[in-house]
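The numbers here are math on the coordinates, done by the rules we state, and not lab data. These numbers come from a predicted model, not from an experiment. Backbone-built Cβ (ideal geometry, glycine too); neighbour counts: all protein chains shown.
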Amino acid sequence: MADPAQRSWDWLLPPAVQTQDGGLKPRRDRAAPPAQPPSAPPPSSAPSPSTIPEHSPSVHPEANQQAVLQGQVLHYRLQRSRRRTIGFTIGAQGLVVSAPAWVNMAAIAQALDAKSGWIMRKLHEAGQRQQAQQAARIRWEHGAEIGYLGRPLQLCLTGGETQPLRTRQIHREQAADGSQSLQLPLAPGASAAEVRACVQAWMLREARSWFTASLQRHAPLLGVQWTSLRLTSASTRWGSANTAGAIRLNWRLMQHAPEVIDYVVVHELSHLRYMDHSPRFWATVASVMPGWEAQRQVLRDKLLPPWE
């Protein structure tokens, strides 16, 4: 069960908050403490912020406050809101603290200290996820693989003049052993940008066709009617819906297994009945997809590599 401090809509991957309401930037360029003489023991104080990597979850890119938790300097983003309590959100960018306007910094510091164990554990997990994503970085070249419907898809650049069988259109082939490849009308020496653009154009077409079929299949089961589908590349969510029946789905869902895609589709269609995450909403999801929790967990656990 999710930690109470997590936001109620955290059914997807942990969000990467990108709001921009100003604030002071951390003083990362301040002078380092004077060096200790060789005979002196190493200082026991917290490390200087300048020693923390900028890409670390310990340094939020829009940080406007800092604190020392469990001996580590933490740069976090503080945003004031109308909520009644202090809340914490850990994402790929780091820690965001939401607090009422009337709460002073001393109370925020006390709350941070009380939750320090949970915060540092979640930041460590976020750092591990970042490392895993970087290790799985896509190579946009002949013979490389990407995920497609939960399985590896090999990229084959077969559009060169010297190729015996030149590819003139993008198409997917499946071998007798179940392996699959994407035939691209590009020369083997094509640049990474060309390969990426070609694959993305194909993936977008596949996504629209696959998502439309899933929406048409599940909407009657839920007794709802959707009006439009828009593909997105949002970094903070897999899908959304509004009261007008408009559905938005992230095209990179195509890298997940079909049952995971269906879960997101059912989730968004269920919002056309209940625009919340109340028990009746989840009962609606379960009426069409029993055991939906397993698919939601896949979205949380399986991180897709950066599309770059």
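As a calculated quantity, the FRET efficiency between Asp301 and Gln169 at R0 = 30 Å, using C-beta atoms, amounts to about 0.25.
I'd like to know which of Met275, Leu249, Gln225 lies farthest towards the positive end of the charge dipole of region 224-278, counting +1 on Cβ of Lys and Arg and -1 on Cβ of Asp and Glu. Of the candidates, Leu249 comes out farthest on the positive side. Summary of the geometry: region 172-200 and region 271-301, compared by the centres of their Cα atoms, lie 35 Å apart. Note: region 199-308, Cα convex hull, 97 Å³ per residue. With each label modelled as a point 7 angstrom along the Cα→C-beta vector, the Ala197-Thr243 pair spans 4.3 nm.
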